1. Return yes when residue 46 is surrounded by 10 or more Cβ atoms within 10 Å (Cβ to Cβ) and either in contact with a strand residue (DSSP E or B) (Cβ under 8 Å, 6 or more places away or on another chain) or at pLDDT 80 or above (or both) and no when it is not.
2. Determine which member of the set 32, 10 is farther than 30 Å from residue 76 by Cβ and either surrounded by 10 or more Cβ atoms within 10 Å (Cβ to Cβ) or at pLDDT 90 or above (or both).
3. Of everything in region 56-70, what is part of a helix (DSSP H, G or I) and surrounded by 10 or more Cβ atoms within 10 Å (Cβ to Cβ)? Give them in sequence order.
4. Given the conditions (1) under 19 Å from the mean Cα position of the chain (by Cα); (2) modelled with pLDDT of 60 or more, which single one is not true for residue 102?
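The values are calculated or read from the model by the stated rules, or taken from the named source; none is laboratory data. Bear in mind that the values here come from a model prediction, so they are computed numbers and not experimental data. Heads up, the Cβs are rebuilt from the backbone with ideal geometry, glycines too, and the neighbour counts pull from every protein chain shown.
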């Protein structure tokens, strides 16, 4: 579809004289809206900005978990996607129930 040039000198596109002026979203807002609209991230991932720092805290990727010894202690970085606080018998609170890393998502039960 091409824009037609009307008599007044302005370009028309789809019946509108001009596009509205809007503020560009920051990176996190763009990612949040992509996730809400598409169910996935397209232009990046919120954890990408921490990628160089994760090895310093000993975090491994979720794809590397299969190579770890069973029941070994590991650190994995992710985003909490759903939080359900449940009270246990002793009265203590619950923990995040599902998380999302750069490559995988799933239920978790942190200790």
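1. Details: surrounded by 10 or more Cβ atoms within 10 Å (Cβ to Cβ): yes; either in contact with a strand residue (DSSP E or B) (Cβ under 8 Å, 6 or more places away or on another chain) or at pLDDT 80 or above (or both): yes.
Taking the combined requirement at face value, the residue satisfies it.
2. Values: 32 fails: farther than 30 Å from residue 76 by Cβ.
So the residue among 32, 10 that is farther than 30 Å from residue 76 by Cβ and either surrounded by 10 or more Cβ atoms within 10 Å (Cβ to Cβ) or at pLDDT 90 or above (or both) is 10.
3. Within region 56-70, 62, 63, 64, 65 meet the criteria.
4. It fails just one condition, (2).
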